[in-house]
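The values are calculated or read from the model by the stated rules, or taken from the named source; none is laboratory data. Quantities reported herein were computed from a predicted structural model and do not represent experimental measurements. Here the Cβ positions follow ideal geometry from the backbone for every residue, glycine too, while neighbour counts run over all protein chains shown. Quick note on the areas: whole protein, heavy atoms, side chains included, nothing else; ligands and nucleic acids left out. Shrake-Rupley method; radii C 1.70, N 1.55, O 1.52, S 1.80 Å.
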Amino acid sequence: MPPVNDSERIACLYTESLPVAALVRAEPELAGRPLAVYRGRGGQARVVAAGSRAARAGVVPGMTVAQARSLAGDCLLRAHSPAAVRSALAELVEVARSFSPRVATSPEGPVYLGLQGLDRLYPSEQQLARRLRDAAGRAGLRVRVGIAGGLLAARLAACTATAVGVIAAGRERRSLAALPLSLLAGSSGVLDLCRTLGLERLGQLAALEPAEVMLRLGPPGLRLWHQARGEDLQPPSWQRLPERMIEQVDCEYPLALLEPLLLVLNRLCQRLARRLRARGLVAAELVLSLALEPEGRAEHLLRPAAACACPRTWLDLSRALLQRAPPRLPVTGVGLEAETLAQTPGQLELFGTGAAAPAGFPGLVARLAARLGEGRVGSVRPLDSHLPGCFELVPFPSPLQRGRGCARPGGGRWPALRALRPPCAVQVACAADGRPERITGGPWRGVIRRRGGPWRVVERWWSETDDERDYYEVELAGGPLLRLYHRRLADRWLADGIFG
Amino acid sequence: MKDYVELRCRSAFSFLRGASAPEDLVTRAARLEMDALALCDCDGVYGLPRFHFAARQAGLRPLLGAELSLAEGGSLVLLVRSRRGWHNLCRLLTAGHCRPDVPAGARRPPQGRARLALERLAGRGDGLVCLAGSALLQARRAGGPERVQHLLGSLRALFGPEGLWIEVCRCLDRAGAERNRFLADLAAAAGVGLVASNDVRYGRRRERRLLDVFTCLQRRLRLDEAGRLLEGNAERHLKSPQRMAELFAALPEAVANTRRVAELCEFSLDDLDYRFPDFATPPGESQVGLLRRLVWRGAARRYRPLGSRQRRQLAHELAVIERLGLAGYFLVVWDICRFCREQGIMVQGRGSAANSAVCYCLGITAVDPVGMDLLFERFLSAERGQWPDIDLDLPSGERRERVIQYVWQRYGRQRAAMTANVITYRWRSAVRQVGKVLGLPEEYLARLLQQLPGSDGEPDLAGAAVRAGLDPGERRVRWLLQLAPRLQHLPRHLGQHSGGMVLCAGRLDEVVPIEPASMAGRTVIQWDKDDCGDLGILKVDLLGLGMLRALEQARWMLRQRGQRFDLAHLPAGDPRTYELLRRADTIGVFQVESRAQMNILPRLRPRCFYDLVVQVAIIRPGPIVGRKVHPYLERRAGRQPVTYPHPALEPILKRTLGIPLFQEQSMRIAMTAAGYSLRQAEQLRRAMGHRRSPEYRRWHQQQLRRGLHRHGIRGRAAEEIVASFASFFGLYGFPESHAASFALIVYASAYLKAHHPEVFAAALLNAWPLGFYHPATIVADAQRHGVSVRPADVNHSTWLCRVEADGGLRLGLRFVRGLRQQAGRQLAAERRRGRFTSLAGLQRRVELRQRELVALASLGALGSLGLTRRQALWQASALGQQRPLLRHLEQPAGASPLAEMSALECTTADLSLSGISCGPHPLAYLRRRLRRRRVLAAESLDRPRAGDWVRVAGMVIVRQRPATARGMTFLTLEDETGLVNVTITPDLWPRVRLQVVSARALLVAGRLERRDGVVGVRGQVFESLDEDLAGFTPARDFH
């Protein structure tokens, strides 16, 4: 791909050790402490980012958690929180958007903004860079700002600057020459070959003839050569801001009590409100999502009476909801997703009732579930079990799924058995071999004329619902055809179905 | 009531489809007062030997069979009536496993799974009883009544009216009633007898849980996900005849027929009809005659002069061999050795075979057992009741494979195969697998596994769970604690023995089924070495030894120089060799190169061959844990008097200064001091092995104690003897003969190092990986011995390392990382047609890839073309990118704009691209800085006094934390002048562990220790030098 020669002035907001910075943004009290972030579990856990104090103590990305602990005993080691990183990046994009409509970013990368036209608002690029840095600082993120002609040059300027770095127009190649080649993102094979050839700096590679580079390093090498000269391979792709605004955080340890969960939620609400206000938006609905341990998620819809950007209201709603339907498992992550609306200045009607809350199906189900208990509202699904008539309740299918229809398993003739729920207790007199001979008590009585069985079912021995049942199908003299079972451990007889 | 015989049982040898060990099924059957029981594992007879012997012991009649899976679906239970039937069953199972529809190299079906089309059963029904049930039901499902009738007709034709039965089972499942009705109607209509069975998959009801766990493991599911794949109830256990009669009250003839079928099955594994192959002898000469002739001819060559003692011993051994009919076995092993010698492949017998003078005279072993007064009966005796086991050491790798293939070629694929190795569940694997199935999170399991010891032994699982933070009362944890121990020792899968081969006079696949091994070109039988031993099937172990490969390389290199090197003709008592051993200059020397051995050598100060035998045997878990090492060394140094537990034991222990060091000594002690017969002594040895149960061991110890008391040995002396047995056989000690065989290789390798260090180093490098040390350490050691080590070069190097005419060691191209062997060999071959003069010429003549050229250039291997490394790199990187069309064109070699490599860069490139540097040692670059910090070089450690505080530094080449060292950790550091030993005490270890484990180079400060000429540093302060040596290759790991 040919390099892009259009050298638009671009600013780059670069956050060193973004996972650490995101964590500090989420928990400001961590600022100033030696902090490192790891990814992985147990012995496989490795440091992915280290704050400046931790780095000074020798903690570097790639080392194991045990190594980091051994090197810096007071270093705080926290699990990597992709949610916190996403939120931090989202806010950084919003900061950039407040300066320029032309903003670009990647899931893990720095944030770029095009500076076209901003020269009329700011007297110098140095001043603009400082303003950007200050704005990001107010959002809780310490960034370095680089300004240069092109994405790559701006990024390198930001990476290597102490606070702000501005490369004057046309001086990109000279300014970058002394930087190490490892700063560039090339294929590892080409970078290794460069290292073998003794090419350690951008200037050394840039000084070679392109034909020589092409001959030795091939097209990937030529791309690297262009980068070494500070040339972009692709033009920036400016992005639109998403309509939904998400703020997330992973908890340091699983939360099992409501109060600490509300503390985390409070911070989340504050940050989300700050972002909404910064863009002049309000939240019409919010989705509170809880990541649970060991697995699973719980999501709750919060619907304030009117769209607002009021963290207190959201927190009150959340508190009520969580008190009514607390999470059944410890919470490891919290997310708040706002459906945004533009803030419309207006006055509530003095005698009106306000906008009716949408009485949607999910809301109804949620309220029912809150009243009846989890797992008592939903749709029936047969279970893969040896027990006859065994089923479970699953959530109602979404409207999208409902259109597909539901096929009957087997598709054939269904047995004409009416299940009795709950099963009826009966008294049974048995023969010496344990077979039922007569029903002596319960809704039905009489001599058993014919019988089928026993069919023994001993299922789920590993669960708390361990049970041993002997099933029989019996025909009473002049009476109905019943299905009985004998709970062997409890020595109880029950009828759980009538045929015909 | 007693009519019922269970005809269909699966054991855990059905690999995840049965849950009880064969012995447990037998025990259960005996408790239910059964008099016969059939074992029919899925697609194999893996568990039949164990079942056979257990049944015999319990007084049960074992009925043998297997369940054969059909390609059409379903399976047939085949029970063996006669020897002919056994042959047919084995061949059917072999055919089922060696499926022609699976192309070579394709993914094989899961282990233990066979599949055989019905048509391939033709002609193999004789002597078998077929219980059809599952196959008929499958036929009904797949094709309806017509297919059922067709199958029934085929089976009747195959097995005859007396050999075909229809099986019904009643396991209280709903669908079973309907199935039984169908099968009973079918049997009545076709006039086929009906037999009852319970399709047993476990002995006791509670073992159903294990089967459910196995089912989940097989399907890779959790219990919660398995649904109806699991059994609906626990009814497939072994039921009493009374209970079966009740269940089949409506079909009494089905129960009675089980007895009729059982009576038809008369075959037993005692009638296996296995014969070791006869050795083809010259016309008119018997096997015994040939063996005698070869032995006496060998004796005349080995013993000069052949004395009466040797004659007596040989005559005795030959008489025993003849009486046991083992002449053919010895001739076959002799023939393998003969083949090796003809092919120039080094071979040497190890283990107890070295106790035999016959083996020595046949050239199978190289140690004279008469001269060393070794106990022949440890190897073979009529009284011992064990078959002999000859293990041959061969050079590892392709040469050993050639010998294995020779055996197949000589005796045929149908007559020879490798023995199996049954892999069983151990604690860790059982906990991991059961935990997964129960759905415990990986993290919890990892924590629990961390708390379990790595080696054998019964851990406190509940305690480990508590330490791992798990609640033992929690449901899933509770099940884990219950089920994991019950998986212990159940078979997990079948492996291949490292070198055991069985041979047979007739078709081996009529004695035992044969399966293709995972390694191409190999086949493996369904029984392991213990089963073979118990059934009287003889095997030969062909084992690979890296040092023999190295010695073979050395022999070849010396022959090129016109010198002879032969294990059998090394000068005995060579002073230079013993001097080298005494100063522990033994990097690379077989068996005595470990840190522990190197520490003992200067203290033991070997002077003769027997000292080497002791040296090899003394650093073993048995003597170490039995605390024999220190007393022996003290007695040898004269600091402790030589005493004996009892005067009667003096002749046995005299040579080892009153300390028992060898297995033979312990056996002789039992015979002399406790009145054991040879057979009893052998039983005792086997009983004390680590695989036996503690109760069994304790019983034997009690017997030994009683025997000692009867002979007047009591108190401390008796306890010492009993304890020595436990440590020797329980924790592994060497037989004297085995130690002697190894000592010979020790002597040979030490001799080579003492006299031809360049050849020795080249041979080690060519045979690498072997031993303890990295090639860089071997090269550094050779350099310290004055060997000029030269880098790999396209105009001088071959694929392997070689010794040049002036005695310099030229590194081979095999150490150029990334260079393909084919390309390296082509390069060496092409050079014979003329030197390479330019890089372009090299590229034209040899098809090298760009990264190969770059690797050669980076290492300086293109130096003989007149190019510096960077010049070569500049050209090489351009050549590799050329398109094929332009390859023939000579490219103008433009001047390189690249800066030349510094010396440090060259060393870095060497180490990263080949692991070896011929230049300065990495520590040499730091020496000036280290000197400023008062760090001593290894060669300077003879100056300070013991107890002085010293600092040393070096690359970490060995880290050891042996289980027998009571928590001590041993490091070996290497600098440019030599090696430094560092010890770390257990109390210090937790604080320095991380640094010591992770650092590639260390600076260590501590007190100097000096004892009997052994110098070391007891480390106190550790500092990583990794940052100073950034870019160098990492050190080795723990041993």
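What the table below lists for this structure:
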item	result
Average beta-carbon neighbours from other chains, 10 Å sphere, peptide B:869-877	3
Interchain or long-range residues, amide H under 5 Å from residue A:251's placed H	A:333, A:334
Part-to-part distance (alpha-carbon centres) for the range B:543-573 and the range A:215-230, which is given in Å	54
Positive-end residue, chain B charge dipole about Cα centroid, Cβ charges, pick of B:660, B:587, B:533	B:587
Sites residue B:627 and residue A:328, calculated FRET efficiency, Cβ-Cβ separation with R0 56 Å, nearest 0.05	0.45
Cα-centred dipole magnitude for the protein assembly as shown, charges only on beta-carbon of K, R (+1) and D, E (-1), debye, nearest 20	1620
Pair residue A:387, residue A:481: separation of 7 Å Cα→Cβ label points (nm)	2.5
With every protein chain in place, the range B:586-707: carbon and sulfur % of accessible area (1.4 Å)	50
Peptide B:923-933 - average C-beta neighbours from other chains (10 Å radius)	0
Inter-part distance where the range A:55-132 and the range B:361-392 are each reduced to a Cα centre, Å	76
Computed helical MRE - 222 nm, the protein assembly as shown, DSSP H runs ≥ 4 contributing -39500 (n - 2.57), nearest 500	-12000 deg cm²/dmol
Reachable lysines from residue B:529, criterion Cα separation under 26 angstrom, eight or more residues apart if same chain	B:539
Amide hydrogen neighbours beyond the local backbone of residue A:165, cut-off 5 Å, H modeled	A:145, A:146, A:147
Spatial separation of Cα centroids for the range B:22-90 and the range B:324-348, in angstrom	37
Charge dipole (chain B, unit charges on Cβ, about Cα centre) - positive-most of B:545, B:127, B:623	B:623
Proximal lysines to residue B:239, defined as alpha-carbon separation beneath 17 angstrom and excluding residues fewer than eight positions away on the same chain	B:2
Positive-end extreme of charge dipole, the range A:428-483 - chosen from A:454, A:472, A:440 (charges on Cβ)	A:440
Amide H partners (placed H, <5 Å) of residue B:233, local residues excluded	A:458
Cα-centre dipole for chain B with unit charges at Cβ (Lys and Arg positive, Asp and Glu negative), debye to 20	1860
Packing-based ranking, highest mean first, of B:300-308, B:391-399, A:474-482 given that Cβ atoms within 10 Å are counted	B:391-399, A:474-482, B:300-308
Net charge dipole size for chain A [Lys, Arg +1 and Asp, Glu -1 on Cβ; Debye, nearest 20]	500
0 to 90° range, to nearest 10: angle between helix A:82-97 axis and chain A longest Cα axis	50
Accessible area of residue B:837 in the full protein assembly, 1.4 Å probe (Å², nearest 10)	120
Cβ-based net charge around residue B:626, under 11 Å, with every Lys or Arg adding one and every Asp or Glu removing one	+2
Surface accessible to a 1.4 Å probe, per residue, for the residues of the range B:922-967, Å²	59
Residue B:474-residue B:218 FRET efficiency (beta carbon distance; Förster radius 35 Å; 0.05 resolution)	0.85
Straight-distance crosslink candidates among lysines, where the alpha carbon sits under 26 Å from residue B:654 and sequence neighbours closer than 8 are dropped	B:628
